[in-house]
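Q: Provided herewith is a single structure, encoded as structure tokens, for subsequent inquiry.
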Amino acid sequence: MLDEIQKLKEEATASLTGLRTQEDTENFRLQFLSRKGSVAQLFEKLRDVPKEDKPAIGKSLNELRTFLESEFESAQKKIAGEKRADTGSIDLSIPGRKRYIGRRHPLTKTAEEIKRIFTCIGFGIADGPEIEDDYHNFEALNFPPDHPARDMQDTFFVKADAGKYVLRTHTSGVQIRVMENNKPPVRVIMPGRVYRNEAISARSYCLFHQVEGLYVDKNVSLAELKGTVAYFAKEFFNAEAKLRFRPSFFPFTEPSAEVDVNCFLCGGKGCRICKYSGWLEIMGCGMVDPNVFKYVRYDPNEVSGYAFGMGIERLALLRYGIDDIRLFFENDLRFLNQF
Amino acid sequence: MKISRKWLQQLVDLTDISDEDIAYRLTMLGIEVESYENLSGKYDGFVVGAVLEVEKHPNADKLSLCKVDIGREVKSIICGAPNVAAGQKVPVGLVGAIVPHNQHDPEGKPFELTRAKIRGIESEGMICSESELGLGEDKSRIMVFEADAATGTPLAPYLGLDDTVFDISLTPNRPDCLSHAGIARELSAAFSRKLAPRRIRFREEGAPVGESAKVEVSAPDLCPRYSARVIRGIKVGPSPKWLKESVERIGMRSINNVVDATNYVMMELGQPLHAFDLKLVAGHKVIVRRPQSEETKFTTLDGKERNISPDMLMICDKEKIVAIAGVMGGMNSEINDETTDVLIESANFSASSVRKTSKELGLSTEASYRFERGVDPNLTVHALDRVAEIICDTAGGTLAPGIIDVAVGKFLPRRIELHVDHVNRLLGTRLASGEIKRVLESIEIPCGKKSETVLTCAVPTFRGDIERDVDLIEEVGRVYGYENIADSFQTKLSFDTRFQEEGAIYDLREFLAGAGFNEIVTNSLQPADLAGLHESAYVTLANPISEDMAAMRTSLLPGALQSVGLNLSHGLKDMKLFEIGRVYRVTDDQQTVGTFLESDRISIVLSGTADPMSYDRKEAKFDIFDLKAEVERLLRYLNLDSWDFISYDTAKEYEQSLKLFVNGMELGLAGRVSEMTLKKFSVEQDVFFAELDLSKLLALRRRTRRFKGLPKFPFASFDLSFIVEDKTPVAKLIDSLRSAAGEMFRDISVFDIYSGEGIPAGKKSAAFSVALGSEERTLNDNDIAGFIEKAEKKLSEEFSAELRKQKIV
């Protein structure tokens, strides 16, 4: 029996020196140290050993087990250590694995920024249909039938119902819908897609996106409109943004104005972008026309309001210095990846 | 519209005011000056020269050596034109001048004159042709001026070009500014300069006008006023220099002295006029009426035959139509070289009638443009007097005494009461009543004081756009100056949440961008075949730009494939894209605008190499499971924890396709786009596309999940694999395992699907990692053995599955 123990010890020691991999150590464990391994088998045999020999043989078996377990443990550690040390030979200059980088679209980013600015000062957000009826797109906004003002916006008509429905030319129809469904005060912005039947070029596309705003309450004045627009411009462009309000005409506001911001590209000296005027047109606005209030059953003697509208593409073009509006809708990754 | 400064100067004194100031003040009055050009700058360095001597160039047959007097000195100039001769007055460009048009350049680009030696002899300038100066077509000969042209005069003033032309863009509410007189009125207010008094001089002779012609208006609803004058014995011919230059300056073509005079007065005063050859007006009688039923065609003076419809207003004589009222005259009564007697029409037509007619004919003219915006009905007589003065001056003839004037009544100023506090409330100002009166009177709106706080304003007929007090308030604001109104910003916050909350969509965008997707925005207008790809009830446009954009999309797929195609054409082959956009279709639903239903969708596009691209892993292309992974990740992000992908036999646009259901609600589709569809977009690599209904998705998302205590006991994880029939769906095995685990279920994932060596033919092995747990205790070996026994039995019953391997970690 002692011979067997000695033999197993030699065998196992030889085996230990040959351990190289994790797999080797596992095999070693299975062969010698597992529940059915060689050491366990010898312990089984201990039962058959004469009583007087048991202490000595048992002692040397225990010694063998302790020895092998500790040898095994250090062999294991050594192998694990060697494995870690291997990493030193890896070329760490190899670039990391390339993963996709996602980005939001510049139009979305611009729209989100505009929404953020207005929601910060208490504007809600409203939405409406893009296929709009004549009433909401024109009539209730004080565009009488056969009025030249309708020529200001080249309109797409839907084939069904013979011209009764249009692809909305502005989001102003949502103003009407908001007022139809809410009592004053209302304070809301209306972002969305609008359509114009214009030839596609670097400067115009068959559709674009607008954000309109509407505030109706007691004693809302042009001065308040100017202040709100000034706040927006300072937030959106920069704190030094200078504005000018030029009288203009929209059927649904009276008085009406176009708002220009001083050209931030040339500092107002005149450049290609501002057409050498030093000013960039950014939005139209005005005081809600009393006729519009009549359509939505608001009393113009009780309340007044302002409305404004701006083109998101226009603002994004200016902000990023993009020179062709079509780029927004082509989705060229080389374009999208710049924002 | 083009406005000439020289012309304005005759109407209001603008001395010492710069072009820039004029442009700025007009713009700030709401009359937008798009650009202006000082014409005199155009011919800097050009003068009128007198050719003194002409000799042959010693080294070139076709060239001449000329001595040209330019006033201060005599220059030697080489000239190649055959018509150069001593004694001529010619345009001379001196060294440094920019020649507007290079005859030898295919694009005609301008060039700068330099001192140059031509065949050994120096030339100190250039004698120019019409073409080189951009004044005409003639390029073979030099331009020769009248003999009395003063030698040495700069060219611009000689050509009458000491002028500035303003290009003005007018809003449709300001027809009163569609003339030099209208602009002059605004400038007079802006600069506090008095309008020049206008005296019209003419002499009337012979029989009264009533004996030469008659006018009958039988449609007064469409023609509130018709005035006319008759001039006999005129001589039609070219216009004199001043008249020709004036109309050409503002972009009109000079025709003859009579037509130019009518155009001139229209551009000066804003009243469209028309001259008829009186001899061609049958019975010398003008009848203003609607067409009779047999009158369906009419040839306008541009030579085109037009279709006439019953609602249009016609100018007729006793036999026929002679003009389409307010739009264009006819060939049959046009002024021609033989014309001697003319009838000048100065009328006022209904704006909406002219607009309808012009739209229907597809014919817009200077006259119709003005009429459809509204012309002052009190202008007709004044304009007739002015045009009579010019015609008699330039074409001779005798003016018949008197004016034929048929009108529905008198046209009086509109009286509007204006409350001072209303003005201040709407503008946010503190203007006194006297200040408001001063502002309004500067634009010729006289105001009386009804009381301390109420003004009575008399709005002249040329301001038809001012109908209400609010319109007057706009005038006050406009002329007082928006820049003089102080900003106010006293935001009242409103905290109600009546309106749609957009945070969730913003959040989704951020999530998808973070997951490596580029956001795209695509055209919602598509060709009909693509719009109809998913859905036959698509919306079509009555007046599309082109067939390529004749219908509205019913899916985000076409736009996505267009974007994929564009990037592939640029060699960019790997992409993850998403779009949040709207689709449109026709429906029977009553809850919509018309019969149109709009819904928002979210799409996901995968094409090319799967994430990550790496040097040490085998390149993998995106496949349907990457697509499912992205959709599932999105669902998990929205806190959904169960969903079903149902495979279905597909519509033509997909090859592998799945419908996604959550809580029994269909959310959308995911699949590999079919080759047939890809071909339409010239896409030659696989595209995986999913499209979900955004509103449903957001409605289903779990928003306020309550916090659940963290598990107190560790999970037990182990692997199981089963051998099943090849066709058994793995998703069903997962469902069964889940239900076998019951309360203890925590997580499950597939880690291997294998068939081949060691597995019987027609079968596959599916291996799962399962995690079980309990709220009460750590699970022991018996719990797990119990689960495995149960699972083995269940799967064996349901799928004849055979447990292959188990491994407890």
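The values are calculated or read from the model by the stated rules, or taken from the named source; none is laboratory data. Remember, predicted model here, so these are calculated numbers, not experimental data. No Cβ is skipped: glycine too gets one built from the backbone with ideal geometry, and neighbour counts run over all protein chains shown.
Q: For the range B:437-479, which positions are assigned to a helix (DSSP H, G or I), away from every other protein chain (no Cβ under 14 Å) and of a type in the set (D, E, K, R)?
A: Passing the criteria: B:437, B:438, B:441.
Q: Shifting gears a bit: Scan (1) outside any loop (DSSP other than H, G, I, E, B); (2) in contact with a Lys or Arg (Cβ under 9 Å, 6 or more places away or on another chain) for the single condition residue A:298 breaks and write down its number.
A: (1)
Q: For residues that are without any contact (Cβ under 8 Å) to a residue 60 or more places away in the chain and within 29 Å of residue A:187 (Cβ to Cβ), scanning just the range A:315-339, find the one that is farthest from the other protein chains (Cβ to nearest Cβ).
A: Only one residue tops the list, namely A:318.
Residues checked against (1) surrounded by 19 or more Cβ atoms within 10 Å (Cβ to Cβ); (2) assigned by TED's automatic domain parsing to the domain that holds residue A:209:
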residue	(1), (2)
A:68	yes, no
A:77	no, no
A:93	no, no
A:110	yes, yes
A:129	yes, yes
A:132	yes, yes
A:135	no, yes
A:142	yes, yes
A:158	yes, yes
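Q: Something else: When you scan the range B:699-758, how many residues do you find that are over 21 Å from residue B:770 (Cβ atoms) and aromatic (Phe, Trp, Tyr)?
A: 1
Q: Specify the residue that is farthest from the other protein chains (Cβ to nearest Cβ); the eligible residues are those in the range B:363-386 that are in contact with a Ser or Thr (Cβ under 6 Å, 6 or more places away or on another chain) and over 17 Å from residue B:409 (Cβ atoms).
A: That would be B:384.
Q: Evaluate the range B:637-649: report whether one residue or more is part of a helix (DSSP H, G or I) and assigned by TED's automatic domain parsing to the domain that holds residue B:561.
A: Looking for residues that are part of a helix (DSSP H, G or I) and assigned by TED's automatic domain parsing to the domain that holds residue B:561, one finds at least one in the range B:637-649, hence yes.
Q: If you don't mind, there's one more thing I want to ask. So which residues in the range B:527-543 are at the interface with chain A (Cβ under 7 Å from one of its Cβ atoms) and in contact (Cβ under 8 Å) with a residue 12 or more places away in the chain, if there are any at all?
A: B:539, B:540, B:541
Q: Condition (residue is more than 9 Å from chain B (Cβ to nearest Cβ) and either closer than 17 Å to residue A:284 by Cα or over 23 Å from the mean Cα position of the chain (by Cα) (or both)) applied to the range A:115-123: is it met by at least one residue?
A: Yes; the residues of the range A:115-123 include at least one that is more than 9 Å from chain B (Cβ to nearest Cβ) and either closer than 17 Å to residue A:284 by Cα or over 23 Å from the mean Cα position of the chain (by Cα) (or both).
Q: Of everything in the range A:206-238, what is assigned to a loop (DSSP other than H, G, I, E, B), under 31 Å from the mean Cα position of the chain (by Cα) and more than 8 Å from chain B (Cβ to nearest Cβ)? Give them in sequence order.
A: Of everything in the range A:206-238, those that are assigned to a loop (DSSP other than H, G, I, E, B), under 31 Å from the mean Cα position of the chain (by Cα) and more than 8 Å from chain B (Cβ to nearest Cβ) turn out to be A:237, A:238.
Q: Further question: Mind listing whichever residues of the range B:778-801 are touching a Leu at 6+ places or on another chain (Cβ under 8 Å) and assigned to a loop (DSSP other than H, G, I, E, B)?
A: B:779, B:801
Q: Hey, does the range B:788-803 have a residue that's in contact with an Asp or Glu (Cβ under 8 Å, 6 or more places away or on another chain) and surrounded by fewer than 16 Cβ atoms within 10 Å (Cβ to Cβ)?
A: Scanning the range B:788-803 turns up at least one residue that is in contact with an Asp or Glu (Cβ under 8 Å, 6 or more places away or on another chain) and surrounded by fewer than 16 Cβ atoms within 10 Å (Cβ to Cβ).
Q: Are any residues in the range B:357-394 assigned to a helix (DSSP H, G or I) and small (Gly, Ala, Ser), and if so, which ones?
A: Result: B:358, B:367, B:368, B:383, B:388.
Q: May I pose another question? Mind checking which residues of the range A:293-302 are at pLDDT below 95 and either within 11 Å of chain B (Cβ to nearest Cβ) or under 19 Å from the mean Cα position of the chain (by Cα) (or both)?
A: A:300, A:301 - these are the residues of the range A:293-302 that are at pLDDT below 95 and either within 11 Å of chain B (Cβ to nearest Cβ) or under 19 Å from the mean Cα position of the chain (by Cα) (or both).
Q: Tally the residues that are outside any helix (DSSP H, G or I), within 7 Å of chain A (Cβ to nearest Cβ) and at pLDDT 90 or above, restricting the search to the range B:495-526.
A: Residues in the range B:495-526 being outside any helix (DSSP H, G or I), within 7 Å of chain A (Cβ to nearest Cβ) and at pLDDT 90 or above: 11 in total.
Q: Please note which strands (runs of 3 or more DSSP E) are completely contained in the range B:1-82 and include at least 1 residues that are touching a helix residue (DSSP H, G or I) at 6+ places or on another chain (Cβ under 9 Å) and among the polar types (S, T, N, Q).
A: B:2-4, B:32-38
Q: With the condition kept exactly as written, say whether any residue in the range B:604-625 is in a helix (DSSP H, G or I), under 30 Å from residue A:95 (Cβ atoms) and in contact (Cβ under 8 Å) with a residue 40 or more places away in the chain.
A: Among the residues of the range B:604-625, at least one is in a helix (DSSP H, G or I), under 30 Å from residue A:95 (Cβ atoms) and in contact (Cβ under 8 Å) with a residue 40 or more places away in the chain, which makes the answer yes.
Q: Let me ask something else about it. Identify the residue in the range B:106-127 that is under 17 Å from residue B:74 (Cα atoms) and assigned to a loop (DSSP other than H, G, I, E, B) and, among all such residues, is nearest to the chain's Cα centre (by Cα).
A: So, considering only residues that are under 17 Å from residue B:74 (Cα atoms) and assigned to a loop (DSSP other than H, G, I, E, B), the one nearest to the chain's Cα centre (by Cα) is B:115.
Q: Quickly run through the range A:239-262 and pick out the residues that are farther than 22 Å from residue A:215 by Cα and either more than 29 Å from the chain's Cα centre (by Cα) or within 9 Å of chain B (Cβ to nearest Cβ) (or both).
A: Scanning the range A:239-262 gives A:242, A:262.
Q: Further question: Within the bounds of the range A:97-106, is there any residue that is within 25 Å of residue A:181 (Cβ to Cβ), of a type outside the set (Gly, Ala, Ser) and touching a strand residue (DSSP E or B) at 6+ places or on another chain (Cβ under 8 Å)?
A: No, that holds for no residue.
Q: For the range A:258-276, enumerate the residues that are outside any strand (DSSP E or B) and either buried (at least 20 other Cβ atoms within 10 Å of the Cβ) or among the aromatic types (Phe, Trp, Tyr) (or both).
A: Matches in the range A:258-276: A:263, A:264, A:274, A:276.
Q: So which pairs qualify, if the first residue must be in the range B:385-399 and within 10 Å of residue B:232 (Cα to Cα), the second must be assigned to a strand (DSSP E or B) and among the acidic types (Asp, Glu), the Cβ gap must be under 6 Å, and the two must be at least 6 apart or on different chains?
A: Taking only residues 6 or more apart or on different chains, the pairs are B:399/B:204.
Q: Applying the selection to the range B:660-671, what residues are surrounded by fewer than 16 Cβ atoms within 10 Å (Cβ to Cβ) and at negative phi?
A: Across the range B:660-671, the qualifying residues are B:661, B:665, B:666.
Q: Go through the range A:179-197 and report how many residues are touching a Phe, Trp or Tyr at 6+ places or on another chain (Cβ under 8 Å), at the interface with chain B (Cβ under 8 Å from one of its Cβ atoms) and either buried (at least 19 other Cβ atoms within 10 Å of the Cβ) or free of Cβ contacts under 8 Å to residues at least 60 places away in the same chain (or both).
A: Here the count works out to 4.
Q: Restricting attention to the range A:144-156, and to residues there that are within 7 Å of another protein chain (Cβ to nearest Cβ) and in contact with a helix residue (DSSP H, G or I) (Cβ under 8 Å, 6 or more places away or on another chain), which single residue is surrounded by the most Cβ atoms within 10 Å (Cβ to Cβ)?
A: So, considering only residues that are within 7 Å of another protein chain (Cβ to nearest Cβ) and in contact with a helix residue (DSSP H, G or I) (Cβ under 8 Å, 6 or more places away or on another chain), the one surrounded by the most Cβ atoms within 10 Å (Cβ to Cβ) is A:148.
Q: Answer with yes or no whether residue B:401 is of a type outside the set (A, V, I, L, M, F, W, C), more than 10 Å from chain A (Cβ to nearest Cβ), under 30 Å from residue B:337 (Cβ atoms) and touching a strand residue (DSSP E or B) at 6+ places or on another chain (Cβ under 6 Å).
A: Against the criterion (of a type outside the set (A, V, I, L, M, F, W, C), more than 10 Å from chain A (Cβ to nearest Cβ), under 30 Å from residue B:337 (Cβ atoms) and touching a strand residue (DSSP E or B) at 6+ places or on another chain (Cβ under 6 Å)), residue B:401 qualifies.
Q: Within the range B:185-203, can you find the residues that are farther than 10 Å from residue B:389 by Cα and of a type in the set (D, E, K, R)?
A: B:185, B:186, B:193, B:194, B:198, B:199 - these are the residues of the range B:185-203 that are farther than 10 Å from residue B:389 by Cα and of a type in the set (D, E, K, R).
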